[in-house]
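The values are calculated or read from the model by the stated rules, or taken from the named source; none is laboratory data. Predicted, not measured: the structure shown is a model, and the values here were computed from it. Positions of Cβ are backbone-derived with ideal geometry, glycine not excepted, and every protein chain shown enters the neighbour counts. Heavy atoms of the whole protein, side chains included, go into the accessibility calculation; ligands, DNA and RNA do not. Shrake-Rupley method; radii C 1.70, N 1.55, O 1.52, S 1.80 Å.
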Amino acid sequence: MMNEELYEELEQEFTRCRIEEEVEDVLLELAEALLDLGITGREVSVKEQAGHGKLTACGICEEGEEGEEPAVLIRTLTINDKEFEIEDYFL
């Protein structure tokens, strides 16, 4: 789980870049985009634009156990060349 200090840093960066969505919503959208690539077991990245920020999420999609949904680990989130270590699972 993301610590409060990192969450506040992300909120500040979102405000600075005029990203109106909530941090959780953006991270979930990026996790879904990583999952949509359909690549499991290796690190992949997706890029999106939000507000004045260019976002790049790097992570790994892991196949779910029998009957479970896949999991997405977002390792890093880069906003306009400023990298944040997320290291948290989404979805």
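Each label was represented as a point 7 Å from its Cα along the Cα-to-Cβ direction; for residue 3 and residue 48 these points are 2.6 nm apart.
Calculated from the structure at hand, percent of Cα pairs over 23 Å apart is found among (1) 20; (2) 45; (3) 70 as (1).
Surface composition of the chain: carbon and sulfur atoms hold 41% of the protein heavy-atom accessible area at a 1.4 Å probe.
Hey, can you find the accessible area per residue of the chain for me, probe 1.4 Å, expressed in square angstrom? Present the calculation step by step, with values, prior to reporting the outcome.
On the way: 5930 Å² over 91 residues.
Solvent-accessible surface per residue comes out at 65 Å².
Entry note, the chain: the mean residue ellipticity at 222 nm calculated from DSSP H runs of n ≥ 4, each adding -39500 (n - 2.57), is -9500 deg cm²/dmol after division by the residues and rounding to the nearest 500.
When the Gaussian network model of the chain links Cα atoms closer than 10 Å, the mean-square fluctuations of 65, 22, 48 top out at 65.
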